[in-house]
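All remarks here apply to the structure that follows.
Just so it is clear, none of the values below were taken in a lab; they were calculated from the coordinates. Note that the structure is a prediction, hence the values are computed from the model and not measured. Here the Cβ is made from the backbone with ideal geometry for all residues, glycine too, and neighbour counts use every protein chain on show.
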Amino acid sequence: MAATLKDVAERAGVSRSAVSRTFTDGASVSKNMRSKVEKAAKELGYSPNALASSLTTGRTKLIGLVSNNFHNPIFLEVFDLFTQGLQERGLRPLLVNLTNETDPENSVRMLRQYSVDGVIVASSTLPPRFSRAFRDAGVPVVNSFGRYSSAPEVHVVGVDNVECGKMAAIELLERGYKSVGFLGGPETATSTQDRLRGFGAELAKHPDISFSHSFAQDYTFVAGRQEMQRLLRNNPAEAYFCGDDILSIGALSAVQDTGLKVPQDIGLIGFNDMEMAGWENISLTTIRQPIQEIINASLELILAMLDDPNRHPEARLFPCAVVERSTLRPRL
């Protein structure tokens, strides 16, 4: 049988409460006492019971990690970095799938049942009301990859998607494209709306450029492929800004199936710079979103909120950059 707290207390010759305090963050215990308890615990192979500890401290060290697009490979990278980061900081991730969820109150009820200490909403497509619902329930919350606001209602960490849309438009203009299109994700997603707004605003300065836009049903390979197949049947543009790498890769597949070539016949630029975008058979020119930096800042904020739940909401923005590969023709 596994060693118990009582076994450690007897081996160390101390009280059970002394053992409990030794393994409770912030509890007062002498250096000599800690040494005896840790030595006994190591000899017995004892590990403190996290659930029992939560009854003493009032904290579970559980952080809800909430998202809703599990079909996009970029989130494998996001979840990998988030879960590692939480575990390295002594916290435990509770991954929650909100695909097709429309009522934020359902999410709040579920996570409160697990007594999470905080929540990270890792999504650019869930409406802001999801993050606000956790805030209103008194749960510390950070919205990673959320919509930028100069006066945020909750902590938001991400990029300025409007500026990223402008960046994509400038790249296409500098390469001499005269007919360009925006192939976005779901029309209701704030990330889609903002990238389109920035893209369109920049192109509006150039009335000689033909501009069109359309939307895929999801941020998925299949949705990107299907939308590009539709566009190819109706006088397609010379180049497209796809609002996500996985849409771009689906679009690339559709273009190649018709016998057209990228970038000779149609140019593509994506968004995110996920690992797959750099594969030799894809080699996607894209706009890099600094995912590691966004996640580090999100973790820093959720840790700060555990100590100060009333911390004033702030928005942290990180710059994006174009990653040059092979799916756009050279600059003029």
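Quick notes on this one:
- Straight-line cross-link reach from LYS36 at under 15 Å between alpha-carbon atoms covers these aspartates and glutamates, not counting any fewer than eight positions away in the same chain: ASP7, GLU10.
- The sum of -39500 (n - 2.57) across all DSSP H runs of n ≥ 4, divided by the residue count of the chain, sets its helix-only mean residue ellipticity at 222 nm to -13000 deg cm²/dmol.
- Contact order relative to length of the range 177-332, as percent, for alpha carbon pairs under 8 angstrom and 6 or more apart: 20
- Rounded to the nearest 20, the size of the Cβ-charge dipole of the range 161-289 about its Cα centre is 320 debye, with Lys and Arg at +1 and Asp and Glu at -1.
- The antiparallel fraction among DSSP beta bridges confined to the chain stands at about 10%.
- Exposed chymotrypsin sites (Phe, Trp or Tyr not before Pro) absent - longest run of the chain, DSSP non-H/G/I/E/B, at most 16 other C-beta within 10 Å: 115-278
- Distance histogram for the chain (every C-alpha pair counted, 10 angstrom bins, percent rounded to whole numbers): 6, 23, 26, 18, 13, 8, 5, 2, 0
- The value of relative contact order for the chain, using C-alpha pairs under 8 Å at least six residues apart, is 15 percent.
- Candidates ASN281, ASN32, ASN296: whichever shows maximal mean-square fluctuation once the chain is modelled as a Gaussian network with Cα springs under 10 Å: ASN32
- For the chain, the longest principal axis of the alpha carbon atoms and the long axis of helix 291-307 meet at an angle near 40°.
- Gaussian network model of the chain, Cα within-10 Å springs - most flexible of GLU43, GLU171, GLU238: GLU43
- Total charge dipole magnitude, the chain, about the Cα centre, Cβ charges on Lys, Arg, Asp, Glu only, Debye to nearest 20: 1000
- Applying a threshold of 18 Å to the alpha-carbon distances of LYS6/LYS31; LYS166/LYS261; LYS6/LYS42; LYS178/LYS205 flags LYS6/LYS31; LYS166/LYS261 as lying beyond it.
- Relative contact order for the range 59-101: 61 percent, from Cα pairs under 8 Å spaced at least 6 residues apart, divided by residue count.
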